[in-house]
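A.B. asks: Submitted below is the structure of interest, expressed as structure tokens.
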Amino acid sequence: MTLLIGGGLAVAVVGGMFGVGGPLLTVPLLVAIGTPMLSALAAAQVQSVVISSVGTLGYLSQGSIDWTLVALVGIPELCGVLIGWKIARTVPPHHLKRAMIAALLVLVPFAALHS
């Protein structure tokens, strides 16, 4: 339980600092401590909604939201999440886990080189 609380706090701090977190960090953490893949995905998505809502209110209060950018990025992301949800429910969990590891191995160097 302490590991989950500490991990959640760490994910939230990183998310607040860099805008990265939520499922990107939570799913690997939950899977690493033995949570089944689909349960980890579901928990991370719900957590993402809560955290995004709080962050949105903060940025909204500062007048920092570019609504055109929100639409240009958000609408395709919404479609992608729906497609990803359907795929995640049909792919065996061990394949999802391997795909997650592959995605992280591609994203980490990309983020490091382009920051």
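A.B. asks: Just wondering, is there one or more residues in region 48-63 that are within 11 Å of the chain's Cα centre (by Cα), loosely packed, with under 12 Cβ neighbours inside 10 Å and among the aliphatic types (A, V, I, L, M)?
C.D. replies: Yes: one or more hits.
A.B. asks: With Leu30, Leu72 as the choices, which residue is under 19 Å from Gly19 (Cα atoms) and either exposed (fewer than 11 other Cβ atoms within 10 Å of the Cβ) or among the hydrophobic types (A, V, I, L, M, F, W, C) (or both)?
C.D. replies: That would be Leu72, the only listed residue that is under 19 Å from Gly19 (Cα atoms) and either exposed (fewer than 11 other Cβ atoms within 10 Å of the Cβ) or among the hydrophobic types (A, V, I, L, M, F, W, C) (or both).
A.B. asks: Does Thr56 satisfy the condition of being part of a loop (DSSP other than H, G, I, E, B), of a type outside the set (Phe, Trp, Tyr) and modelled with pLDDT under 95? If you could, list the steps in order and put the result at the bottom.
C.D. replies: Details: part of a loop (DSSP other than H, G, I, E, B): no; of a type outside the set (Phe, Trp, Tyr): yes; modelled with pLDDT under 95: yes.
So Thr56 fails the test.
A.B. asks: May I ask you to verify whether Val106 is over 23 Å from Leu4 (Cβ atoms), in a helix (DSSP H, G or I), modelled with pLDDT of 90 or more and not basic (Lys, Arg)?
C.D. replies: Against the criterion (over 23 Å from Leu4 (Cβ atoms), in a helix (DSSP H, G or I), modelled with pLDDT of 90 or more and not basic (Lys, Arg)), Val106 does not qualify.
A.B. asks: Hey, can you tell me all the residues within region 27-41 that are over 16 Å from Ala103 (Cβ atoms), among the hydrophobic types (A, V, I, L, M, F, W, C) and part of a helix (DSSP H, G or I)?
C.D. replies: The answer is Leu38, and nothing else.
A.B. asks: Right, Ala40: surrounded by 15 or more Cβ atoms within 10 Å (Cβ to Cβ), of a type in the set (A, V, I, L, M) and modelled with pLDDT of 90 or more or not?
C.D. replies: When the stated conditions are applied, Ala40 passes them.
A.B. asks: Among the residues of region 42-49, are any part of a helix (DSSP H, G or I), in contact (Cβ under 8 Å) with a residue 24 or more places away in the chain and not polar (S, T, N, Q)?
C.D. replies: no
A.B. asks: For Gly63, indicate whether it is over 30 Å from Ile5 (Cβ atoms) and not in a helix (DSSP H, G or I). Give the steps one after another, and end with the answer.
C.D. replies: Values: over 30 Å from Ile5 (Cβ atoms): yes; not in a helix (DSSP H, G or I): yes.
Yes, satisfied.
The values are calculated or read from the model by the stated rules, or taken from the named source; none is laboratory data. Values in this document were obtained by computation on a predicted structure and should not be read as measured data. Every residue, glycine among them, receives a Cβ derived from its backbone with ideal geometry; neighbour counts consider all protein chains shown.
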